[in-house]
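Here is the structure we will look at, set down as structure tokens.
The values are calculated or read from the model by the stated rules, or taken from the named source; none is laboratory data. Since the structure is predicted, the reported quantities are computational estimates derived from the model, not experimental observations. No Cβ is skipped: glycine too gets one built from the backbone with ideal geometry, and neighbour counts run over all protein chains shown.
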Amino acid sequence: MRHKAADRDQIREETRGALLAAAAEEFAVQGYDRANVNRIAKAAGFAIGTFYNYFPSKRDLMLAFIDEVARLHVDIIVAQVRGVTDPGRRLEVFFQAGFKFVQDHLTAARAIFNTLNGPDEAFRLYLFQAYQPLFQLLSEDVLSPGIAENMFRNVDSETTAGLIMLIYLGTGSQVNPAGEHWLQPEQVADFALSALRA
């Protein structure tokens, strides 16, 4: 029986999603180097041939995984930050939304943090590019308006955005086995705001 084009597209999307979900678990637990595409295919419920129909290699799978997680991560944070107007409040929302993303997508976040701290420089550079919209958000939508309104000190917004991202990634990645953060986002935001206030 032939499937309609829309049905085929849905099946393809569901299969791809299942493979990416299985990859998240594998990358979170094993890291990229020890991850095994046979285990990923089996965990997703497919034969290895199906895996290779979607991803030519483990490396291609990792790049697709980074794209998928980064897009969702960025979209969630950007939407929430742009939902408020006060620059100080925007910074607080940035940390709240980011920490919530990690809690809601713990396995994927762990895989991303493992990759960020892993030995593969090409993956780290790819992650940096994928998360570039968050650097821009901080620079253009949080810091520049805060400086213009004399709420924040006159700092270089691009450099400071990079420092805030380091703070976010460092504190956002620190969770216990239950997925609870060691610090609350409000504490981290207060720390960043105390350094920025004029």
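Taken as a whole, the structure leaves Asp9 outside the set of residues that are closer than 23 Å to Pro119 by Cα and modelled with pLDDT under 95. Remark: pairs (first residue in the range 163-192, over 15 Å from Leu106 (Cβ atoms); second residue of a type in the set (Ser, Thr, Tyr) and crowded, with 19+ Cβ neighbours inside 10 Å; Cβ separation under 7 Å; 6+ apart in sequence or on different chains) = Leu183/Thr171; Val188/Thr171. Phe128 passes every criterion in (1) without any contact (Cβ under 8 Å) to a residue 12 or more places away in the chain; (2) outside any helix (DSSP H, G or I); (3) of a type outside the set (D, E, K, R) apart from (2). Pairs meeting the criteria (first residue in the range 52-75 and within 16 Å of Glu26 (Cβ to Cβ) and in contact (Cβ under 8 Å) with a residue 60 or more places away in the chain, second residue part of a helix (DSSP H, G or I) and aliphatic (A, V, I, L, M), beta carbons under 8 Å, at least 6 apart or on different chains) are Met62/Ala23; Ile66/Ile112; Ile66/Leu127; Ile66/Ala130. Taking the range 105-117 as the range and being surrounded by 15 or more Cβ atoms within 10 Å (Cβ to Cβ) and farther than 18 Å from Pro177 by Cα as the test, the residues that pass are Thr115, Leu116. Looking only at the range 108-121, decide whether some residue is among the β-branched types (Val, Ile, Thr), touching a Leu at 6+ places or on another chain (Cβ under 9 Å) and closer than 20 Å to Ile76 by Cα. The answer is yes, given that some residue of the range 108-121 is among the β-branched types (Val, Ile, Thr), touching a Leu at 6+ places or on another chain (Cβ under 9 Å) and closer than 20 Å to Ile76 by Cα.
Within the range 30-46, being closer than 17 Å to Arg59 by Cα, aliphatic (A, V, I, L, M) and either crowded, with 19+ Cβ neighbours inside 10 Å or within 19 Å of the chain's Cα centre (by Cα) (or both) holds for Ala35, Ile40, Ala41. Filtering Thr171, Thr160 for residues that are among the polar types (S, T, N, Q), within 30 Å of Asp33 (Cβ to Cβ), crowded, with 19+ Cβ neighbours inside 10 Å and touching a strand residue (DSSP E or B) at 6+ places or on another chain (Cβ under 9 Å) leaves a single hit, Thr171.
Counting just the residues of the range 48-103 that are crowded, with 18+ Cβ neighbours inside 10 Å and among the acidic types (Asp, Glu), which one comes out nearest to the chain's Cα centre (by Cα)? In this case the residue turns out to be Glu68.
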